[in-house]
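See structure below.
The values are calculated or read from the model by the stated rules, or taken from the named source; none is laboratory data. This one's a predicted model, so the numbers in the text were calculated from it and none came from an experiment. Virtual Cβ from ideal backbone geometry, glycine too; neighbours counted across all protein chains shown.
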Amino acid sequence: MVNVGCVLYKKGDASGTLNATWCHPYFGEGVIGTGLATGGPEEGYAGQYEIRYLDHKGVEIAVFDLDIKKVGDYYEILWIINEEVLATGIGLEQTDGLVAGWREVNDRPEK
């Protein structure tokens, strides 16, 4: 199984929030989930958030600390639980939002 996912973060209506649309093959072929990040900066994407991810049925599947750092023209992103980095990614700001690819630090077992 491919250990790579993709996410698009768009600024939310409330200050310091991001709306996420994500995909990862572990959750099924063609499956797209959503998420909401809160606690971030009023402007830009770089900052620290708490993010809650939902599967395609709207069921919460994960809560992470999300750390987005701007490095020159791109972003480095970490997904953290209990101070342990579980996934890492890299992203680019686009007109529609911040798009990023990510990979889990440790591979998941096969389903």
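The figures follow:
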quantity: Pairs with Cβ under 6 Å, 6+ apart, first in region 96-111 and under 17 Å from GLY35 (Cα atoms), second in a loop (DSSP other than H, G, I, E, B) and modelled with pLDDT of 90 or more; calculated: LEU98/TYR45
quantity: Residue within region 94-111 that is surrounded by 11 or more Cβ atoms within 10 Å (Cβ to Cβ), among the charged types (D, E, K, R), part of a strand (DSSP E or B) and at pLDDT below 95 present; calculated: yes
quantity: Residue match in region 11-20 (condition: of a type outside the set (Phe, Trp, Tyr) and closer than 14 Å to TRP102 by Cα); calculated: yes
quantity: Residue list for region 39-89, restricted to those being among the acidic types (Asp, Glu) and more than 15 Å from LYS11 (Cα to Cα); calculated: ASP55, GLU60, ASP65, ASP67, ASP73, GLU76, GLU83, GLU84
quantity: Residue, nearest to the chain's Cα centre (by Cα), within region 75-84, restricted to residues that are assigned to a strand (DSSP E or B) and exposed (fewer than 14 other Cβ atoms within 10 Å of the Cβ); calculated: ILE81
